[in-house]
Structures are given as structure tokens and as C-alpha cells.
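Everything on this sheet refers to the single structure shown next.
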Amino acid sequence: MHPNPVFHTGDEDANLKFARDRGFGVLAVAIDGAPMLSHVPFLLSEDGHLAELHLVRSNPIARALDTPLSARIAVSGPDGYVSPDWYGVPDQVPTWNYVAVHLTGRLERSPDEALLDLLDRQSALFEARLAPKAPWTTGKMDAEALRKMMRMIVPCRMVIESVQGTWKMSQNKPDDVRLAAAEQMEATGFGAEVPALVRAMREV
């Protein structure tokens, strides 16, 4: 997280909503040496206390879960480069605006019998966003093919102990300066999901 508290404008509800709506992040676990990372879709409970996910059985993180481990899920949002010229005031420096939320807690294996329910709830959530498409369900799979696939993955859960968010939108600048940068970003900016970032810079 960015150390400047001016960029911590999202309260816990806003941070959790962002992570829940995104539903995808980088799971990080450190044991020995460099952290182990895995890019995972996840379900976040309504109260924000539990994240559920699954890992390929051969994933080093899954192999390390004989006992619960400290872990973090980093959820990234829109981001983009900000040129100092865009502010229209002197003595500025280049920077990067972005949204990121970190969920930190204890990661553990769930019972194998929890896997099918997790897959059904996860696919139902994401498939609903494709309406009016008829949703895919595990019931569309051959039973043996489904069992074979499920043997290759393991269900996991992370009990969330802390939630932190950075919403870096040039809010450390005067409003007119921030809005000038947003206008230039809209015209020529680059990054990920620039239109969403521009809207956030205007609304902050």
C-alpha cells in the first residue's frame, strides 16, 4: 500500500466492494525465499471475513498447505501513467495512478467435499454477469469428466484479518490540477482501463 494516507480514501466497505466485484487477484504466500504467487479468481463473503478459492493440486502453494499459512490477495484495478506536463503547474514529477486492495489473512485447505459447491457458486456468480446468456453449470458436464477435473484442484479459504486499499487519483493536488490531468489522460493516456481511471479521478 502507498504510505501516504491521502490515498487511503476508500473505507473498508468500499475496499471490500471493489475486491468482491473484481473477483480476481494475486495470491501471495512467503515461506522460504521469494514469495510464491498465484493468479486466482475468488469469492468474497458479504461480511468480508472470508475469501474462497481453488488451486491446482500441483501448485506449490497448495502443496505447502499442510498447515494454515499467512497470505495476501492483491486485487488490482485501473491504472495509468500521469505526465507532469498534464497538471499545468510547474515543478511536478511523473507518477502512476491506480487502485489496489490487499486482503490479508490465514490461508488453509478446505475439505475436498466443499469443492463442488465452491465451483457451483463461483461459476454462478460470474456467469450471471453474462446475461442474457444461459448460465453454464457443472451439471452440463459428463459426471466422470467432472470428477476427473475435480481431482486436479483443491478448495481453499482465507480468513481475512485486515483490508487495505490505495486509491491514488492525484487527490494530493488542487482540484483544478487533478481535473486537468484527468482530461489529458482521457485524451492520450495509457494503462489498464483508462476510462475507469479517468472517472475515478474526476469523482474522488
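The values are calculated or read from the model by the stated rules, or taken from the named source; none is laboratory data. All of these numbers come straight from a predicted model, not from anything done at the bench. Cβ: placed from backbone, ideal geometry, glycine included. Neighbour counts: every protein chain shown.
Just to be sure, is Val75 more than 30 Å from Asp11 (Cβ to Cβ), out of contact with any Ser or Thr (no Cβ under 6 Å at 6 or more places or on another chain) and β-branched (Val, Ile, Thr)? No, not satisfied.
Val154: under 19 Å from the mean Cα position of the chain (by Cα) and surrounded by 15 or more Cβ atoms within 10 Å (Cβ to Cβ), yes or no? When the stated conditions are applied, Val154 does not pass them. Of the residues making up segment 173-204, those that are in a loop (DSSP other than H, G, I, E, B) and either in contact with a strand residue (DSSP E or B) (Cβ under 8 Å, 6 or more places away or on another chain) or buried (at least 20 other Cβ atoms within 10 Å of the Cβ) (or both) number 4.
For segment 23-37, a residue qualifies if it is within 17 Å of Gly77 (Cα to Cα) and either touching a helix residue (DSSP H, G or I) at 6+ places or on another chain (Cβ under 6 Å) or in a loop (DSSP other than H, G, I, E, B) (or both), and exactly one does: Gly23. Inside segment 121-154, residues that are part of a loop (DSSP other than H, G, I, E, B) and among the acidic types (Asp, Glu) make up a count of 1. Consider segment 12-37 and keep the residues that are over 16 Å from the mean Cα position of the chain (by Cα) and either closer than 25 Å to Val204 by Cβ or of a type outside the set (Asp, Glu) (or both). The one that is modelled with the lowest pLDDT is Gly33.
Only one entry in Ala143, Ala114, Ala131 is within 30 Å of Leu55 (Cα to Cα), out of contact with any Asp or Glu (no Cβ under 7 Å at 6 or more places or on another chain), at pLDDT below 95 and surrounded by fewer than 17 Cβ atoms within 10 Å (Cβ to Cβ), namely Ala131. When segment 1-22 is limited to residues that are part of a loop (DSSP other than H, G, I, E, B) and of a type outside the set (Asp, Glu), the one that is farthest from Leu53 (Cα to Cα) turns out to be Asn4.
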